Amino acid sequence: MAEKQSIEASIKNSPKLLYWWRFSYVWICIASISILTFLVLSPSLEGKFITSWDDYGYAVSNEYINNLNWKNIEGMFTNALYGNYNPLTTLSFAIEKHFFGTNPFVHHFNNLLLHILNALLVFWLAIRLRVQLIGAYLISILFAIHPMHVESVAWITERKDVLFAFFYLAALISYIYYIKRKQPRYYILCLLLMILSLFSKIQAVALPLSMLLIDYYFRRKLNVKLLLEKIPFFFLSLVFGLIGVHFLQAAGAFNVTSTIQWYERPLMGAYALGAYLYKVLIPYPLSAYYPYPKKVDDWLPIIYYIVPALVFLFSILVVMTYKHTRIVLFGVGFFFFNVVFLLQVVEAGAGFIADRFSYIAYLGLFFIIGQGLTYLLHQKLQWKLAILAVIAIYLTCLGTYSYSRSKVWHDDASLWTDALNKYPNISFAYTSRGKFYAATQQYDKAIADYEQYITLRPNNTKGFYEKGLVYLMTKKYEKAIRDFNDVLQLNSKDKNALTYKGYALMEMRQYKEAIETYTALLRLQKNVNKKDIYMQRAKAYEMLQNFNAAIADYTEILKQETNDVNALLSRGGIYFQQNDFDAALSDMNKVLGINPRTAKALLNRAIIYASKHQHAAAIEDFDAYLELQPADAQAYNWRGVSKFKAGDYSSAIQDFSKAIQAKPSAEYYQNRANAYLQIGEKEKAAGDLEQVDKFTE
């Protein structure tokens, strides 16, 4: 003991030793924070894209990330996605896709890397806020491994959280340096970092309020100068706030229909505030989605009246600490200012609580916890080991739960299964999981989920429609038609249901009913692609041998698009069947005028020429066709026939031989036998005729 005290005394009496002692502890903290954060959240690296919830829209199919060029960058900064203005976040996805392609691991790795950097910035910020090393370490660890923060890291879409937080925390650190050193460069740097944070996520509008809290914490006098230095920051918050509102309105985010009345919204906001306060200590249960409560006799559940009252009492207690310490008011104020804009008092979206909303806000509460534990460790020395043991156990529990939560975000199935275990009546979770099951060919599970959705929302078309699509995939056409009929009972103008019902009827060869379905779809006019519907109905007419009606539909298509190759080929084919060779030839010529190497048109025109006894022209088209399709036995046979009729028997024999080599048939042997007879090769002709007899035996 005496030896230990002697060492400590030596360190304290030597400034150089004291510096290196503190320096080594800081690096130990940095290393352990980084390693623990990585280990706890490492399962997120195995995650896939959450296809049912924004990941594809942000990181895969986003038109602005396909090519990293100035045009797309301009598009990122002048447009929003799903009503959210996050151009810098979108740019980060574009850079990843440019260098690594569509790879979820890269997105997850960078999310985790940013989170680790954020945890280290929290550690730095706490030190700058004059928190002792042990307190700063605890604050950082709480930020790093808290289960409420898993969503922001493990969900690719929430790149905007970890990216905006990186610049936000750096801006706060820069502001503290400005306060302490009075150097304008730190003020300018803080302003630039705020701009970057706002371009990552508009939630950064709270930064000037956080700066005022830092002023309060450092006991800066509230005067004109202090307020004037905040004007550029509040101006940025106002501008970006208005931009955010504009894009949310454009996306219809404020047009959400729910049973919650306007006068109940403050209660919902206060309840959410209470839930966040509770979950900072006991983060359970956690879910990707928290549904709105169900009302009974137009009343919210009683807990939604009790919690706001408790939050009010809590706020009174916080204010009462003002005379004793600034830590509590600073921490709670930081929490409130950074979550208040996300409390959904003004409804904008389907959910009113989300784990990700706590990402920056919880820093204020962690600050109070870290400072409180530091105080206990220094004031209650006899309880120090017990307190450290409790802290270790608590942090182990948090880390274990976060590790487990990271696995929940692996894919759509694991995510929505977890949510449904907590809240079985989240209807859209069943369709989200059902789509994942359908995409991974787990059709029975998909159908079960869609049926559960129908049970919850029998008057909504979505469950019937999605189930019908699964039956189409599995070629259970009767069941698919039944589901599409259920959709049409709820909405007779549902164009998708009519389209897929028509497809199912065609597959079942119920052409008359398919024609009726496509005719109903065509009546919708403005809401459908008429060309495609005419094409399908024309095919149905063909199958019923109503060729005039089929021609009429193909002609309608060509009125809309004169160069539609498929319509020209199909109409020309019908003209040929009706022996209208000139009309058929005209359609084939139009196709070949569009693309001279259209194989089907070359073959069709060759046959038409042959039918018109224009064998030289026919042979020329057969030649062009066979350059494109050299393995077509029938084409060699037909060219051989044209050569035979043109009197070129030797060349005809060569073509019939190629046809036989590719695919022997009685017809090809018979034709070659006829050619052999024309040149007097009777023995060879007899041999071919023997082969013909074998085919007919």
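The values are calculated or read from the model by the stated rules, or taken from the named source; none is laboratory data. Here the structure is a predicted model, which means the values were calculated and not measured. Neighbour counts are summed over all protein chains in view; Cβ atoms, including those assigned to glycine, are modelled from backbone coordinates with ideal geometry. Side chains are part of the model used for accessible areas, which takes the heavy atoms of the whole protein and leaves out ligands, DNA and RNA. Shrake-Rupley method; radii C 1.70, N 1.55, O 1.52, S 1.80 Å.
Tabulated data
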| item | result |
| --- | --- |
| Residue in segment 89-98 that is more than 30 Å from W70 (Cα to Cα) and charged (D, E, K, R) present | no |
| All positions within segment 321-334 that are in a helix (DSSP H, G or I) and either touching a helix residue (DSSP H, G or I) at 6+ places or on another chain (Cβ under 9 Å) or of a type in the set (S, T, Y) (or both) | T321, Y322, I327, V328, L329, F330, G331, V332, G333, F334 |
| So A392, is it more than 18 Å from V122 (Cβ to Cβ) and in a helix (DSSP H, G or I) | yes |
| Flag for Y609 being open to solvent by 30 Å² or more (accessible area, probe 1.4 Å), of a type in the set (S, T, Y), at negative phi and free of Cβ contacts under 8 Å to residues at least 60 places away in the same chain | yes |
| Count of residues meeting criterion [over 16 Å from N604 (Cα atoms) and open to solvent by 60 Å² or more (accessible area, probe 1.4 Å)] in segment 631-648 | 4 |
| Per-region count, segment 647-697, residues acidic (D, E) and closer than 27 Å to Q629 by Cβ | 4 |
| Scan of segment 207-246 for residues that are of a type in the set (V, I, T) and either open to solvent by 20 Å² or more (accessible area, probe 1.4 Å) or free of Cβ contacts under 8 Å to residues at least 24 places away in the same chain (or both), ordered by number | V224, I231, V239, I243, V245 |
| Selected residue (criterion: nearest to R405 (Cα to Cα)) from residues of segment 419-463 that are β-branched (V, I, T) and in a helix (DSSP H, G or I) | T431 |
| Flag if P291 is surrounded by 12 or more Cβ atoms within 10 Å (Cβ to Cβ) and in a loop (DSSP other than H, G, I, E, B) | yes |
| Residue match in segment 149-159 (condition: farther than 22 Å from L207 by Cβ, touching a residue at least 40 places away in the same chain (Cβ under 8 Å) and aromatic (F, W, Y)) | yes |
| Lone unmet requirement of (1) in a helix (DSSP H, G or I); (2) modelled with pLDDT under 95; (3) over 23 Å from T259 (Cα atoms) for P285 | (1) |
| Condition check for L363: out of contact with any helix residue (DSSP H, G or I) (no Cβ under 9 Å at 6 or more places or on another chain) and over 14 Å from Y271 (Cβ atoms) | no |
| Failed item, numbered, when A31 is tested on (1) open to solvent by less than 40 Å² (accessible area, probe 1.4 Å); (2) assigned to a helix (DSSP H, G or I) | (1) |
| Positions within segment 294-308 being open to solvent by 30 Å² or more (accessible area, probe 1.4 Å), touching a residue at least 24 places away in the same chain (Cβ under 8 Å) and not in a loop (DSSP other than H, G, I, E, B), in sequence order | I303, Y305 |
| Residue in segment 247-268 that is surrounded by fewer than 11 Cβ atoms within 10 Å (Cβ to Cβ) and either touching a Leu at 6+ places or on another chain (Cβ under 9 Å) or modelled with pLDDT of 85 or more (or both) present | no |
| When residues of segment 394-429 are limited to those that are surrounded by 19 or more Cβ atoms within 10 Å (Cβ to Cβ) and of a type in the set (D, E, K, R), the one farthest from S44 (Cα to Cα) | D418 |
| Considering residues of segment 172-195 that are in contact with a Cys (Cβ under 9 Å, 6 or more places away or on another chain) and of a type in the set (S, T, Y) only, the residue nearest to L207 (Cα to Cα) | Y175 |
| Some residue of segment 101-109 being of a type outside the set (D, E), over 17 Å from the mean Cα position of the chain (by Cα) and under 25 Å from V408 (Cα atoms) | yes |
| Test result for R571, more than 21 Å from Y503 (Cβ to Cβ) and touching a helix residue (DSSP H, G or I) at 6+ places or on another chain (Cβ under 6 Å) | yes |
| In segment 360-390, the residues that are crowded, with 18+ Cβ neighbours inside 10 Å and over 22 Å from L329 (Cβ atoms) | L377 |
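Here's the yes/no breakdown for (1) free of Cβ contacts under 8 Å to residues at least 40 places away in the same chain; (2) in a loop (DSSP other than H, G, I, E, B); (3) open to solvent by less than 90 Å² (accessible area, probe 1.4 Å):
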residue: L310; (1), (2), (3): yes, no, no
residue: S315; (1), (2), (3): yes, no, yes
residue: V319; (1), (2), (3): yes, no, no
residue: F336; (1), (2), (3): no, no, yes
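So that you can scan it fast, the table gives a plain yes or no per residue for (1) open to solvent by 80 Å² or more (accessible area, probe 1.4 Å); (2) in contact (Cβ under 8 Å) with a residue 12 or more places away in the chain; (3) assigned to a helix (DSSP H, G or I):
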residue	(1), (2), (3)
D483	no, yes, yes
D486	no, yes, yes
A497	no, yes, yes
G502	no, yes, yes
K512	yes, yes, yes
T517	no, yes, yes
Y534	no, yes, yes
A538	no, yes, yes
Q545	yes, no, no
